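Notes for the one structure printed next.
The values are calculated or read from the model by the stated rules, or taken from the named source; none is laboratory data. From a predicted model like this one, the values you see are computed outputs, not experimental measurements. Ligands, DNA and RNA are excluded from the accessible area calculation, which covers all protein heavy atoms including side chains. Shrake-Rupley method; radii C 1.70, N 1.55, O 1.52, S 1.80 Å.
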Amino acid sequence: NHLIIKKTTGSVGIGTDGPTSNIHVGVSGADKASELRLDGTNGSSQVCGFIIDSSGATGNVNFKYNIGGGTPSTRMIMNTAGLKLPASHYLYFEDGNTYLSKGANNSLMVVTSGGWLQIAPQNSSYCHFYTDRNEFYFSTKIATNGNVYPYSNNAYSSGLANNRWTNVYSYGGDFGGS
């Protein structure tokens, strides 16, 4: 291996004679592993590090970091299938209040500063929606290509006495059970 510093551009090449970016690490052979590692402290004498590595053979690119000592651990993996996060990690959006995570029983969990929602099929019969809120709100009409039934008993209700539905329409069906 060799180190090249291109005087005309200031680019640094490691393992390549023709660096094409500020720092260019060249590895010959598609199945060769490569790694870029930055180590230092965070100003409070805590070791922090960042590693980007690739096994070459798998096509995975691993992003690892750690603050506070220890060995940097994998935080996300990018490959041709997309982005993978370890189950204990979250995908945060720029606002810092919204993130996606793995919920219970392989569900997708959406968390905001207002609460959370989990969605996923939990068995072969139903797709489940769970939340920490008391109610669901839909800003537009709800249409179904089937029937709406109570989940666990045959008690049908159209709302509280002071807030019942004004009109209920049936297109070729019946109301209230079979």
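Things worth noting here:
- Extension gain for the segment ASN60 to VAL25, taken as residue separation times 0.36 nm less the Cα-Cα distance, is 10.9 nm to one decimal.
- Counting heavy atoms of the protein chains alone, PHE138 has an accessible area of about 120 Å² for a 1.4 Å probe.
- Amide H contacts under 5 Å for TRP116: ASP132, ARG133, restricted to partners 5 or more places along the chain or on a different chain, H placed in the peptide plane at 1.01 Å from N.
- Scanning residues 5 or more positions from THR98 or on other chains, those with amide H under 5 Å from its amide H are PHE93, with H placed 1.01 Å from N in the peptide plane.
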